[in-house]
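**Q** Below you'll find the structure I mean.
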Amino acid sequence: MNHINKLKIFNDPIYGFISIPNELIYDLIQHPYFQRLRRISQMGLSYLVYPGANHTRFHHALGCMHLMQKAIETLRFKGVAISNDEECALLIAILLHDIGHGPFSHAMEKSIVEDVNHEAISLLFMNQLNEEFDGKLSLAIQVFKGEYHRKFMLQLISSQLDMDRMDYLKRDSFYTGVAEGNVNSERLIQMMNVENDVLVIEEKGIYSVEKFLLSRRLMYWQAYLHKTSLVAELILMKVLKRAKELTLKGIKLPCSEPLSYFMQNKISLENFDAEKLDLFSQLDDFDIISALKAWQKNSDFILSTLSKMIINRDLLKIKMSAEKIPMEESQAMKEEFAQEHNISQLEAGYFIFRGKIKNQAYSKEAEPIRILKKDKTIEDVVEASDQLNLKSLSKLVTKYYICFPKQLI
């Protein structure tokens, strides 16, 4: 049998060449669980706003691994001891951190697999892979769960300045064309150090951190919480909710077997066994899109109308406000719409609904981004910064919205 060369390279439009550091990581990337990420869009339905935003979770996971390689290199150069086993664990943990995402990323979490978030499913996948790979992922899982004694390692994977955020801001900015989101991840990584077992940024990197937080805030308003992306995702959640409702009433809807299974059964973390995980691993964006295409012709007015909205990008109108939208406003619309289409007011709630979104670039409640001063003292970036804008970036901004059909304008 020919020996396959597993130390391959990927050509990434953002970082150039990304190398696969060892055979175990190559085998994980080749695994069907990981290959599925090629069929999961990184930004959900944002391509309805930004036509270039068709990149996938697969791109993102490789980008995160690449940045982790750079971070390990920098920290070792600065005298931080990281063993080969720890290096491999960090690379595996960041590579697999998003493996539990369902189709269109977040829409599934709130509609079909209701009580299980993607982080929990990622961990289930990692445990399953650990069995298949004879325990070689044990240390990576320990780091991922925050159970490893070296605290800074978890911060590289999950914190307010981790490899995940550094990659998705730069990558999403590139693919959407929203230039304001572009962060200088290389400089941020060069400024990293470890002091008393926690991750710190050297003082001369403080402006890069400020730019990073500002970019994050702008990307949320311009891309992730863009009102058209938001309304598209909300409609998708309503479609899936309606489909599940009809399925539970015994109405058989045309869709793939894995999707049908998750619509027929209530799944909790307790009963998410290996069989369900295997079914979940067969779900991707294509199941949802093909279901929507079929449901356009369904006799159920709600299901067909909402499915057509996404397929044809003819969405509900969304109105944003800094003030809370009064209930009377949506109630009057519901009554009018229900009467016009001969449906109940409860059913009209699929087309007319209110909600709120929040944006906070930097949270004071979460673990801080620490700045290492020249005198070796450590300060929270908000205190260390001479910029007033950082204080405003840690303020929680809430916006309210109402969605309704265009004919009700």
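**Q** Are there any pairs with C-beta distances below 7 angstrom linking a residue in the stretch 143-163 that is touching a residue at least 60 places away in the same chain (Cβ under 8 Å) to a residue that is part of a loop (DSSP other than H, G, I, E, B) and surrounded by 18 or more Cβ atoms within 10 Å (Cβ to Cβ), with the two at least 6 apart or on different chains, and if so which?
**A** 155/162; 156/162; 157/97; 160/362; 160/369; 161/369
**Q** Restricting to the stretch 29-66, what's the tally of residues that are open to solvent by less than 30 Å² (accessible area, probe 1.4 Å), closer than 14 Å to residue 100 by Cα and not in a loop (DSSP other than H, G, I, E, B)?
**A** So the count comes out to 10.
**Q** So, in the stretch 365-396, how many residues would count as being of a type in the set (A, V, I, L, M, F, W, C), free of Cβ contacts under 8 Å to residues at least 60 places away in the same chain and open to solvent by less than 40 Å² (accessible area, probe 1.4 Å)?
**A** Our first condition is that a residue be of a type in the set (A, V, I, L, M, F, W, C); within the stretch 365-396, this holds for 366, 369, 371-372, 378, 381-382, 384, 388, 390, 393, 396.
Next, only the ones that are free of Cβ contacts under 8 Å to residues at least 60 places away in the same chain stay: 382, 388, 396.
Imposing the further condition that a residue be open to solvent by less than 40 Å² (accessible area, probe 1.4 Å) reduces the set to 382.
Adding up the residues that qualify gives 1.
**Q** I would also like to ask the following. Within the stretch 194-201, is even one residue over 26 Å from residue 79 (Cα atoms) and open to solvent by 60 Å² or more (accessible area, probe 1.4 Å)?
**A** Of all residues in the stretch 194-201, those over 26 Å from residue 79 (Cα atoms) come to none.
For the stretch 194-201, residues over 26 Å from residue 79 (Cα atoms) and open to solvent by 60 Å² or more (accessible area, probe 1.4 Å): absent.
**Q** Additional query: Right, residue 175: modelled with pLDDT of 95 or more, within 18 Å of the chain's Cα centre (by Cα) and not charged (D, E, K, R) or not? Steps first, answer last, please.
**A** Working: modelled with pLDDT of 95 or more: yes; within 18 Å of the chain's Cα centre (by Cα): yes; not charged (D, E, K, R): yes.
Taking the combined requirement at face value, the residue satisfies it.
**Q** Still on this structure: Restricting to the stretch 206-219, name every residue that is surrounded by 18 or more Cβ atoms within 10 Å (Cβ to Cβ) and free of Cβ contacts under 8 Å to residues at least 40 places away in the same chain.
**A** Listed by number, the list holds a single entry, 208.
**Q** Moving to a separate point now. Just checking, does the stretch 331-348 include any residue being touching a residue at least 60 places away in the same chain (Cβ under 8 Å), touching a Phe, Trp or Tyr at 6+ places or on another chain (Cβ under 7 Å), surrounded by 15 or more Cβ atoms within 10 Å (Cβ to Cβ) and over 19 Å from residue 198 (Cβ atoms)?
**A** Yes; the residues of the stretch 331-348 include at least one that is touching a residue at least 60 places away in the same chain (Cβ under 8 Å), touching a Phe, Trp or Tyr at 6+ places or on another chain (Cβ under 7 Å), surrounded by 15 or more Cβ atoms within 10 Å (Cβ to Cβ) and over 19 Å from residue 198 (Cβ atoms).
**Q** While we're here: Looking at the stretch 181-271, what helices (runs of 4 or more DSSP H) fall wholly within it and have at least 3 residues that are under 21 Å from residue 290 (Cα atoms)?
**A** Numbers: elements: 185-190, 206-219, 227-248, 257-264.
Once the helices (runs of 4 or more DSSP H) in the stretch 181-271 are filtered for at least 3 residues that are under 21 Å from residue 290 (Cα atoms), what remains is 227-248, 257-264.
**Q** When the residues of the stretch 157-172 are narrowed to those that are part of a loop (DSSP other than H, G, I, E, B) and under 15 Å from the mean Cα position of the chain (by Cα), which ends up nearest to residue 381 (Cα to Cα)? Let's see the steps before the verdict.
**A** Within the stretch 157-172, the subset part of a loop (DSSP other than H, G, I, E, B) is 158-162.
Of the ones still in play, those that are also under 15 Å from the mean Cα position of the chain (by Cα) are 158-160, 162.
On the way: 158: 17, 159: 14, 160: 11, 162: 15 Å.
Filtering the stretch 157-172 for residues that are part of a loop (DSSP other than H, G, I, E, B) and under 15 Å from the mean Cα position of the chain (by Cα), the one nearest to residue 381 (Cα to Cα) comes out as 160.
**Q** Do the conditions hold for residue 277, that is, is it over 29 Å from residue 173 (Cβ atoms), within 20 Å of the chain's Cα centre (by Cα) and outside any loop (DSSP other than H, G, I, E, B)?
**A** It is true that residue 277 is over 29 Å from residue 173 (Cβ atoms), within 20 Å of the chain's Cα centre (by Cα) and outside any loop (DSSP other than H, G, I, E, B).
**Q** Within the stretch 142-184, work out how many residues are within 19 Å of residue 82 (Cβ to Cβ), open to solvent by less than 40 Å² (accessible area, probe 1.4 Å) and among the hydroxyl-bearing types (Ser, Thr, Tyr).
**A** Looking only at that region, the number is 1.
The values are calculated or read from the model by the stated rules, or taken from the named source; none is laboratory data. Computed from a predicted model, the values in this text were never measured in an experiment. Counting neighbours? That spans all protein chains shown, and the Cβs are built from the backbone with ideal geometry, glycine included. These accessible areas exclude ligands, DNA and RNA; they are computed on the full protein's heavy atoms, side chains included. Shrake-Rupley method; radii C 1.70, N 1.55, O 1.52, S 1.80 Å.
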